[in-house]
Amino acid sequence: MAALRDFFTEDDRKAITSAIKEAESRTSGEIRVRVEAKAGEDPMQTVRNAFEALGMRNTELHNGVMFFVGMEDRKFVILGDDGIDEKVPENFWDSVRDAVIGHFREGRFARGLTEGVRMAGEQLAAFFPHQRDDVDELPNAISFADEEGV
Ligand code: CA
Ligand code: CA
């Protein structure tokens, strides 16, 4: 199959990276977009594996968030680290997920991701405000499984 990055134009990729940078200017939460070919039989396990492999458990406040896209099996999963789960209501990600999936159904992948990232940044800001000495703990560029080695 084609390289995963080719599902997105260069402008798409830039827009997604910019959306993450912008969102992270409002919150100490760290958002990463991960693209794999398939989420597989057990999507949650696939997402957890990627989360760990990319070192996303290592943020200081345990407030990393993964936006996982399985391109071939059309799966979208949001996984937040434990620091987020401890603070936010149970349905915290529902509106973000619904918005992203709504765009995906119409084939608007980049739009769905930029919109979802923007919403996630706004929602996280209430629980994890941006800090003056903020460090960009996780890369803002999309992680493509076929390039990353993990
Ligand atoms: Ca940061
Ligand atoms: Ca970041």
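The values are calculated or read from the model by the stated rules, or taken from the named source; none is laboratory data. Bear in mind that the values here come from a model prediction, so they are computed numbers and not experimental data. Positions of Cβ are generated from backbone atoms using ideal geometry, with glycine treated the same way; all protein chains shown enter the neighbour counts. Side chains included, ligands, DNA and RNA excluded: accessible areas come from the protein's heavy atoms. Shrake-Rupley method; radii C 1.70, N 1.55, O 1.52, S 1.80 Å.
Counting only Cα atoms, segment 89-144 measures 40, 29, 14 Å along its principal axes, largest extent leading. The simple spin-label model puts a point 7 Å past each Cα toward its Cβ; for V135 and E148 those points are separated by 2.0 nm.
The fraction of all Cα pairs in segment 11-84 landing in successive 10 Å bins from 0 to the largest distance is 20, 49, 29, 2, given as whole percents. Label separation (E106 vs A37): 3.1 nm, computed from points 7 Å beyond Cα along the C-beta direction.
Straight-line cross-link partners of K38 among the lysines, defined as a Cα under 16 Å from its Cα and at least 8 positions apart when in the same chain: K75. Positive end of the dipole of the chain (Cβ unit charges, origin at the Cα centre): among A99, G40, A125, the Cα lying farthest that way belongs to A99.
Relative to the longest principal axis of the Cα atoms of the chain, the long axis of helix 109-127 makes an angle of roughly 10 degrees.
Here the convex hull built on the C-alpha positions of segment 30-150 has a volume of 104 cubic angstrom per residue. With the Kirkwood sum run over all distinct C-alpha pairs, segment 61-117 has a hydrodynamic radius of 11.9 Å.
On a per residue basis, segment 14-147 carries 50 Å² of accessible surface, using protein heavy atoms and a 1.4 Å probe.
Once divided by 2.2 N^0.38 Å, the Cα radius of gyration of segment 16-58 becomes 1.34.
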